[in-house]
């Protein structure tokens with residue numbers, strides 16, 4: 001029976017197997033960890049091992065490929081489609097696919113994105129059904145599924161916008177920004193558009209101000225939750241007033257600001273009283289670190305960043321998620 005702590009020490013165990021040159025134990029040790037617990041919780045642990053084996057100086061890439069395939073097969077076989085897509089996004093360059101596996105992967109995308117009417121068209125466009133390079137097809141598909149009609153996006157050039165039309169004949173995407181409408185190619189969209197939540201506070205302000213005004217009046221608690229999510233952790237009441245000015249009346253803003261000020265004061269006191277045990281860092285998944293990072297005050301974040309770099313061999317991967 002594999003324990004939680006053994007999952008956290010999987011890389012240590014694999015290194016010991018390599019040191020002893022007991023290569024025949026690699027697959028069985030890895031498979032035992034995969035089958036004991038929900039894969040979604042430990043994907044980052046498996047990636048640590050695979051990344052380590054794939055280091056050029058180790059000359060063990062064939063083992064990295066085998067374990068990457070092992071995880072892929074297990075996730076697909078047991079219907080962990082969301083996790084399989086996440087795994088492929090991370091390690092597509094190590095996955096060797098035939099037409100049968102391509103079809104299984106396509107079925108996973110169809111299951112996860114069943115709510116999107118253009119999922120089949122996106123799959124055809126990137127060439128996943130055919131012979132297009134697998135890692136390139138996966139990269140493009142993972143971008144495009146977030147750029148369907150109705151998706152909210154951000155462009156560093158044009159600001160916040162909503163995708164209103166997709167032309168698969170000409171491979172064009174049309175976006176309605178607050179100041180203008182732009183039509184760009186799929187490749188331009190992939191490289192320049194950042195998908196954001198449809199309830200992003202800035203998106204609502206720029207694209208759907210009437211809807212935001214209704215939320216402020218009817219669901220103030222939800223608006224406060226959005227502000228807490230989308231603004232910097234140390235935002236001020238003046239920031240809220242700047243966002244909502246022109247959307248609702250000054251009187252409505254003042255009522256919301258008063259309520260928010262009470263919550264901010266309480267949250268600040270609670271944050272200042274919290275401490276963090278840095279010794280648990282090596283045992284946490286990247287997603288767990290990300291969640292903690294988003295909850296702690298700024299004065300603790302700087303210390304956490306230093307400890308991550310000191311204690312985690314995958315600190316560069318953690319930083320990509322954080323920043």
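Only helices (runs of 4 or more DSSP H) whose full extent lies in segment 1-107 are considered here, and the ones with at least 2 residues that are surrounded by 13 or more Cβ atoms within 10 Å (Cβ to Cβ) and under 20 Å from the mean Cα position of the chain (by Cα) are 39-53, 61-77, 81-91. Scanning segment 212-226 for residues that are under 28 Å from the mean Cα position of the chain (by Cα) and farther than 24 Å from residue 301 by Cβ yields 212, 215, 219, 220, 221, 222, 223. Restricting attention to segment 295-313 and to residues that are within 21 Å of the chain's Cα centre (by Cα) and modelled with pLDDT under 80, the residue that is nearest to residue 43 (Cα to Cα) turns out to be 313.
When the residues of segment 174-191 are filtered to those that are under 20 Å from residue 203 (Cα atoms) and touching a residue at least 40 places away in the same chain (Cβ under 8 Å), which remaining residue is surrounded by the fewest Cβ atoms within 10 Å (Cβ to Cβ)? My answer is 190. Taking segment 151-166, which residues are assigned to a strand (DSSP E or B), surrounded by fewer than 19 Cβ atoms within 10 Å (Cβ to Cβ) and free of Cβ contacts under 8 Å to residues at least 40 places away in the same chain? Across segment 151-166, the qualifying residues are 155, 164, 165. Could you go through segment 119-140 and let me know if any residue there is under 30 Å from residue 253 (Cβ atoms) and crowded, with 19+ Cβ neighbours inside 10 Å. Taking every residue of segment 119-140 in turn, none turns out to be under 30 Å from residue 253 (Cβ atoms) and crowded, with 19+ Cβ neighbours inside 10 Å. Scanning segment 86-99 for any residue that is more than 21 Å from residue 35 (Cα to Cα) and out of contact with any helix residue (DSSP H, G or I) (no Cβ under 7 Å at 6 or more places or on another chain) turns up at least one such residue. Condition check for residue 224 on (1) assigned to a helix (DSSP H, G or I); (2) in contact with a strand residue (DSSP E or B) (Cβ under 9 Å, 6 or more places away or on another chain); (3) crowded, with 17+ Cβ neighbours inside 10 Å: one failure, at (2). Name every residue in segment 227-240 that is within 30 Å of the chain's Cα centre (by Cα) and part of a helix (DSSP H, G or I), in order of residue number. Of everything in segment 227-240, those that are within 30 Å of the chain's Cα centre (by Cα) and part of a helix (DSSP H, G or I) turn out to be 227, 228, 229, 230, 237, 239, 240.
The values are calculated or read from the model by the stated rules, or taken from the named source; none is laboratory data. Every value quoted in this text rests on a predicted model; they were computed, and no experiment measured them. Glycine also receives a Cβ, built like all others from the backbone with ideal geometry; neighbour counts cover every protein chain displayed.
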